[in-house]
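Readers should treat all values here as calculations from the given coordinates under stated rules, not as data from a laboratory. The model shown is predicted, which means the values in this text are computed figures rather than measured ones. Here the Cβ positions follow ideal geometry from the backbone for every residue, glycine too, while neighbour counts run over all protein chains shown.
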Amino acid sequence: MNFRPRPEKMELFLLRYLNCRMVFSESQALTFFTIEKGYEGELKSDAWLKGLTDEWLILNDLLFDYHGSRFQIDTLLIAYEKIYILDVKYWEGDHTTKEDKWFTPTGKPEKNPFHQLERCETLFQRMLHDLGIHYTIESYLIFNNPEFHLYTTSINPAIIFPTQLNRFLKKLNTKPVKLNKKYHELAQQLVDHNIEESPYKRIFPYTYEQQKKGVTCPNCKTFFTDELVCKNCGYVDEVEAAILRSVREFILLFPEKKVTTNGIYEWCGGIRSKKIIRRVLAKNYKLVGHSLTSHFVQRTD
Ligand SMILES: [Zn+2]
């Protein structure tokens with residue numbers, strides 16, 4: 001049972017919007033690529049775990065704070081007196097290990113993913129202990145990209161390679177024990193302990209001025225020119241849908257800025273008149289304030 005489905009990654013939405021509207025530096029592009037790839041891997045893992053029987057409680061994307069130490073868990077599986085921590089790595093290419101060290105396909109040293117996993121397990125164990133729970137914890141690194149290979153001389157049972165994914169799932173499914181209320185309560189307790197972190201804190205700073213103004217095609221992200229017909233993919237957009245999509249983007253990127261007719265007119269690159277922008281805003285948002293300070297806010301009714 002999927003007790004906590006994976007929430008939408010706001011950070012990724014922000015980065016996708018920014019990627020359309022500004023030129024990323026090399027390191028910003030790498031951040032975007034890493035997050036996008038990581039998310040792809042998590043979605044693949046979620047689809048794979050649909051093969052688990054209903055006896056499991058699945059909790060996704062948890063962030064905990066244990067006495068000032070933060071740790072994140074991609075997927076947690078609760079079974080009878082046992083908890084599995086799964087760290088999903090959607091890595092590609094031929095990686096190598098030498099003793100305790102890991103190397104990328106180009107031979108650069110990379111972080112040993114076990115160190116992070118061990119830290120996570122230790123902190124989680126302490127947290128559980130404080131909750132009065134003493135189940136066994138098993139942690140696994142799940143490599144679920146078929147294009148991944150690891151050259152290593154040691155056998156580590158805590159690594160699941162792409163070719164072992166099916167067997168691993170089969171192994172888990174051989175131990176079904178119906179979980180009682182106690183386990184559901186534990187799952188709820190863990191969800192209650194989860195911290196929501198602002199996506200703005202985690203990504204690099206950006207400004208309004210850096211962003212290219214205009215309306216983008218929802219299909220291929222190309223900027224519309226003078227008409228709401230995409231020159232790249234032929235998508236034909238509707239005025240209201242196009243404006244509202246741009247407003248949502250503006251609100252997400254600049255939550256501190258007020259939504260005004262002039263502001264949205266500029267944000268949309270003047271693709272439609274102020275009169276039309278005002279009409280769409282008034283229809284979908286609530287106007288507050290007077291004359292110079294008036295702006296639109298989310299309707300609550
Ligand atoms: Zn398009």
Taking the 0 to 90 degree range and rounding to the nearest ten, how far is the long axis of helix 274-284 tilted relative to the main principal axis of the chain, both from C-alpha atoms? 50
In nanometres, the difference between 0.36 nm per residue of separation and the alpha-carbon distance of Arg299 and Tyr235 is 20.1 nm
Once the piece of chain linking Phe103 and Phe33 is laid out straight, how much longer is it, given 0.36 nm per residue of separation minus the C-alpha distance between them? 23.3 nm
Whole-Å distance linking the alpha carbon centroid of segment 143-170 with that of segment 189-220 is 33
Of all DSSP beta bridges with both partners in segment 2-200, the antiparallel percent, nearest 5, is 55
Between segment 230-268 and segment 13-75, what is the C-alpha centre distance in whole Å? 26
The extension gain from Ser198 to Ser69, computed as 0.36 nm times the residue separation minus the Cα-Cα distance, is 44.7 nm
Return the lysines within reach of Lys181: Cα separation strictly under 29 angstrom, same-chain partners fewer than 8 residues apart disregarded; answer none if there are no such residues. Lys50, Lys82, Lys170, Lys171
With x for Gly and Pro, the residue-by-residue ³J(HN,Hα) of segment 215-220, computed from phi through the Karplus equation 6.51 cos²θ - 1.76 cosθ + 1.60 at θ = phi - 60° and given in whole Hz, is 10, 9, 5, x, 8, 10
Can you order the peptides 85-92, 267-274 by their average number of other Cβ atoms within 10 Å per residue, highest first? 85-92, 267-274
Computed ³J(HN,Hα) along segment 107-116: with the Karplus parameters 6.51/-1.76/1.60, θ = phi - 60°, integer Hz and x for glycine or proline, the list is x, 7, x, 10, 4, 5, x, 5, 4, 5
When Rg is the radius of gyration of the Cα atoms in the chain and Rh is its Kirkwood radius, what does Rg/Rh come to? 1.05
For the residue pair Lys221 and Arg126, what label-to-label distance in nm results when each label sits 7 Å from Cα along the Cα-to-beta-carbon direction? 4.0
Which parts of segment 45-61 would a label at Thr174 reach, counting a residue when its backbone N lies under 13 Å from a point 7 Å out along Cα-to-Cβ? none
Computed ³J(HN,Hα) along segment 71-82: with the Karplus parameters 6.51/-1.76/1.60, θ = phi - 60°, integer Hz and x for glycine or proline, the list is 8, 10, 10, 5, 9, 10, 10, 9, 10, 5, 6, 8
Ordered by number, the GluC sites (Glu not before Pro) in segment 1-43 that occupy a DSSP loop and have at most 11 other Cβ atoms within 10 Å are Glu8
Anyone know which of Leu57, Leu12, Leu281 comes out most mobile in the 10 Å Cα GNM of the chain? Leu281
